[in-house]
1. By count of other Cβ within 10 Å, fewest leading, how are ASP125, ASP6, ASP98 ordered?
2. Hey, what do the phi angles of the range 92-98 turn into as Karplus ³J(HN,Hα) couplings, whole Hz, using 6.51/-1.76/1.60 and θ = phi - 60°, x for Gly and Pro?
3. Which one of LEU42, LEU119, ALA23 has its Cα pushed farthest toward the positive end of the charge dipole of the chain, where Lys and Arg give +1 and Asp and Glu give -1 at the Cβ?
4. With +1 on each Lys and Arg Cβ and -1 on each Asp and Glu Cβ, and nothing else charged, work out how big the dipole of the chain is about its Cα centre, in Debye to the nearest 20.
5. Within 10 Å, count the other beta carbons around each residue, average over each peptide in 74-83, 31-40, 59-68, and list them highest first.
6. In nm, what is the difference between 0.36 nm times the number of residues separating ALA120 and ALA75 and their Cα-Cα distance?
Amino acid sequence: MNYLADTHILVWALNQPSRLSQAARTAVLDPDAEVFYSPVSLWEIAIKHGLGKMSLAGHTPEEFLETVQASLFRALPLESAQLASSYRLPRHHSDPFDRLLVWQAIQENLTLITSDKNLAVYQADGLTLLQ
């Protein structure tokens with residue numbers, strides 16, 4: 001199975017792995033799985049870090065990117081077609097970062113690893129979740 005890590009899962013996996021659920025930890029460490037991160041998460045991290053709403057264990061977003069790139073996570077390209085078609089995702093949720101991650105997961109047929117219970121509403125729209 002292949003996965004897309006929600007932003008908080010990416011941060012927790014690399015900075016606070018004890019916060020991951022057992023299911024998330026198992027998925028992230030599965031040698032047979034590919035676990036992706038999205039540029040959307042890096043954008044969210046940069047914005048929230050700049051606003052003082054996210055701590056990266058004393059690191060800057062650029063330093064965090066280096067950690068991500070050295071990890072087992074793989075970069076998932078954000079395609080222009082995904083951006084242009086994202087309006088088709090029902091507006092069950094207003095967070096633009098979450099909406100785009102959900103849309104990418106659906107479009108790329110990836111299971112989204114998240115602890116955000118609010119995203120379960122998108123299962124009716126084709127999202128597969130691991131919580």
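No lab work stands behind these numbers, since they all come straight from the coordinates. What you are looking at is a predicted structure, and each value in this text was computed from that prediction instead of being measured. Glycine also receives a Cβ, built like all others from the backbone with ideal geometry; neighbour counts cover every protein chain displayed.
1. Working: ASP125 13, ASP6 29, ASP98 21.
Fewest to most other Cβ atoms nearby, the residues stand as ASP125, ASP98, ASP6.
2. Working through the residues one at a time gives 7, 9, 9, 5, x, 5, 4 Hz.
3. Value: LEU119.
4. Details: 9 positive and 14 negative charges, 77 e Å.
That gives the chain a dipole magnitude of about 360 debye.
5. On the way: 74-83: 13.3, 31-40: 17.2, 59-68: 14.9.
Going by the mean number of other Cβ atoms within 10 Å, highest first, we get 31-40, 59-68, 74-83.
6. On the way: separation 45, 0.36 × 45 = 16.20 nm, distance 2.40 nm.
Between ALA120 and ALA75, full extension yields an extra 13.8 nm.
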